[in-house]
1. For region 377-414, what are the residues that are β-branched (Val, Ile, Thr) and not in a strand (DSSP E or B)?
2. Quick one: how many residues across region 303-318 are at pLDDT 90 or above and either of a type outside the set (A, V, I, L, M) or not in a loop (DSSP other than H, G, I, E, B) (or both)?
3. Out of region 377-391, which residues are open to solvent by 20 Å² or more (accessible area, probe 1.4 Å) and in contact with a strand residue (DSSP E or B) (Cβ under 9 Å, 6 or more places away or on another chain)?
4. If we scan region 392-402, do we find a residue that is at pLDDT 90 or above and open to solvent by 30 Å² or more (accessible area, probe 1.4 Å)?
5. Find the residue count for region 536-555, including only residues that are farther than 24 Å from Asn266 by Cα and open to solvent by 50 Å² or more (accessible area, probe 1.4 Å).
6. Is at least one residue of region 89-97 outside any loop (DSSP other than H, G, I, E, B) and modelled with pLDDT of 85 or more?
7. Does Ala612 satisfy being in contact with a helix residue (DSSP H, G or I) (Cβ under 6 Å, 6 or more places away or on another chain), modelled with pLDDT under 95 and open to solvent by less than 70 Å² (accessible area, probe 1.4 Å)?
8. Out of all the residues in region 442-457, which are open to solvent by less than 40 Å² (accessible area, probe 1.4 Å) and at pLDDT 90 or above?
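The values are calculated or read from the model by the stated rules, or taken from the named source; none is laboratory data. All values derive from a computational prediction rather than experimental measurement. Every residue, glycine as well, gets a Cβ built from its backbone with ideal geometry; the counts of neighbours run over all protein chains shown. The protein model used for the area step is the full one, side chains on, heavy atoms only, and it has no ligands, DNA or RNA in it. Shrake-Rupley method; radii C 1.70, N 1.55, O 1.52, S 1.80 Å.
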Amino acid sequence: MAKTNVSPDAISTILANPSPDSSFPDLPDIVVQVLDLKPTGNRYMFTASDGKMKLKAILQSGLSSEVVSGNIQNLGLIRIQDYTLNDIPTKNEKYLIVTKCEAVSPVLDAEYKADVKAEETGIMLEPKEEVNVKKMKVKNEGPVVGIVLKPKQEIVAKSAAQIVNEQNGNMAPAARIGMNRRIYPLLSLNPYQGMWTIKVRVTSKGNMRTYKNARGEGCVFNVELTDEDGTQIQATMFNDAARKFYDKFALGKVYYISKGTLKVANKQFNTVKNDYEMTLNENSEVEEVSNEAAFVPETKFSFVPIDELGPYVNGRELVDVIGVVQSVSPTMSIRRKSNNETIPKRDITIADETKKTVVVSLWNDLATTVGQELLDMADKSPVVAIKTLKVGDFQGVSLSALSKSVIAINPEIPEAKKLRNWFDSEGKETSLASVGASLSPTAKSGARSMYSDRVFLSHIVSNSSLGEEKPVFFSIKAYVSYIKPDQSMWYRACKTCNKKVTDAIGSGYWCEGCQKNDEECSLRYIMVVKVSDASDEAWLSVFNDEAEKILGCTADELNKLKTEDGETSYQMKLKEATWVLHLFRVSVTPHEYNNDRRQRITVRAVAPVDYAAESRYLMEEISKMKISH
């Protein structure tokens, strides 16, 4: 194999310097070979190798384009210019986050293996500046490499404290934080790290709200933070921290933040696409960035084609869409049921290459600002990319913007250019249809057919990579084999919007979604059940409507049974629901819990077995088997 430029002991150098900017400013060139390159979501994982040692690694999402373009390839070489090393003590292993790198070699013929010779006992560090290296002879030994020392620099008799004080004395606190600490990308953070500092923009700020529980009363609010790469995380503050930082955080401003803690995100109540969520306490440090150029976070989209919106209807998952504007309505005034307040609304209709259209509702400022801009240019059919939309069932399928939604008009992204080319060449002459009109009633709840994509459970549980790019859907026929009686079976929900409520001060319940107190709430199921078929078994996440069909009663009715008739009657009710055969429509996605990668299988629809229809399905499958043989 041809001579390579892999840096000797590159992995050892990385392991010895987890934060290169702060601990080793003169880090030598780190060139490694890329092995086992594979996608994971919108990023790429690989194994970094120096021929002697290997280290699991991941490319920051901003480097994905280098892989797509072919600059970074499997078996090729890259020079790592900046990185973060994560330490995960529970697994006794480290993980490399590459934040900056460049390709230095095309694909090699095979995996590089270093030749370890007896005389090669040290690490050769190649200086960044050109120097003369002299070979010296040592008696009874072979040639060794001598190190040429640079002339000694003039030494000024100042203490370290004096130097630091002179450098930083006139800086603002935020500038000192930025200079003295390594700025970590959000992608690199995990719950096991110690000190870190992030530089983020506040892209959403919630209201201060109060709560009451067994431990007393308190207040809480949260913000959504976005870094320069477009990665987002939700940060929550309680009580003293909430009062300290509520006025400090301003929407749209940039901050340095440190001394926070992270935990695995509760995806049921966190719409930000991050595996972790952050908590700031009264000792956390938050400094506004004022004396340097503030960045504009890159908006990252994960588009869902319009004809694939059906499974998201009335779900918790928010979506991004891109489309060509077909029409824009005038501004309408809508009166809220919750507080009788009148707010502006505007509907826009968009279409994409699936030849389907969908209505997007804009509210408040989005309706009067961006909505008016779109109305003024509607005759030019602009392309809009919209991030963070809720999918509803009005007219079959509809989209609704939230306060944190982002709208980009004619964005400079590949998807927009591709969509514009399609529309100009054929789309504007194509017959388009509403996506809601083309879905059957079952499709609107995510179950296009209980007999399409039918698989055994073993097909799902044995394939851990299912759903990495986007959720995948299957139909299964299985028995409910076990329902854990001691799990949290339900949550307290607002009767208007079904979102979770908390105890209000005094009496009643507070709904963050409706921004109001109510004297009553309802219970809604959120539970897991174990199902089994002839091939395997699996745990399924089940929400309210589907759980009611499985258990045969509402959550309020089950809670009343448990409270009035006792634990025995409650467990008997759960037992009655087991070993009943159902048809399930499920979605499969991966998720991480305590750094353990697992599958999340969610029930999107459930129905009893129609044995006549089931028999017809089986006969068709048998016919297909005969034909294939």
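1. Of all residues in region 377-414, those β-branched (Val, Ile, Thr) come to 383-384, 386, 388, 391, 397, 406-407, 409, 413.
Correct list: Val397, Ile413.
2. First pass over region 303-318, keeping only residues at pLDDT 90 or above: 303-306.
Among the residues that remain, those that are also either of a type outside the set (A, V, I, L, M) or not in a loop (DSSP other than H, G, I, E, B) (or both) are: 303, 305-306.
Residues flagged as at pLDDT 90 or above and either of a type outside the set (A, V, I, L, M) or not in a loop (DSSP other than H, G, I, E, B) (or both) within region 303-318 amount to 3.
3. As a first pass, look at region 377-391 and keep what is open to solvent by 20 Å² or more (accessible area, probe 1.4 Å): 377-381, 387-388, 390.
Listed by number, the residues that qualify are Met377, Ala378, Lys380, Ser381, Lys387, Thr388, Lys390.
4. Here is the first cut: in region 392-402, the ones at pLDDT 90 or above are 399-401.
Now narrow it down to the ones that are open to solvent by 30 Å² or more (accessible area, probe 1.4 Å): 400.
Checked region 392-402: at least one residue is at pLDDT 90 or above and open to solvent by 30 Å² or more (accessible area, probe 1.4 Å).
5. Final tally of qualifying residues: 4.
6. Looking only at region 89-97, we keep the residues that are outside any loop (DSSP other than H, G, I, E, B), and these are 93-97.
From what's left, modelled with pLDDT of 85 or more: 96-97.
Within region 89-97, one or more residues are outside any loop (DSSP other than H, G, I, E, B) and modelled with pLDDT of 85 or more.
7. Answer is no for this residue.
8. Val455, Leu457, listed by residue number.
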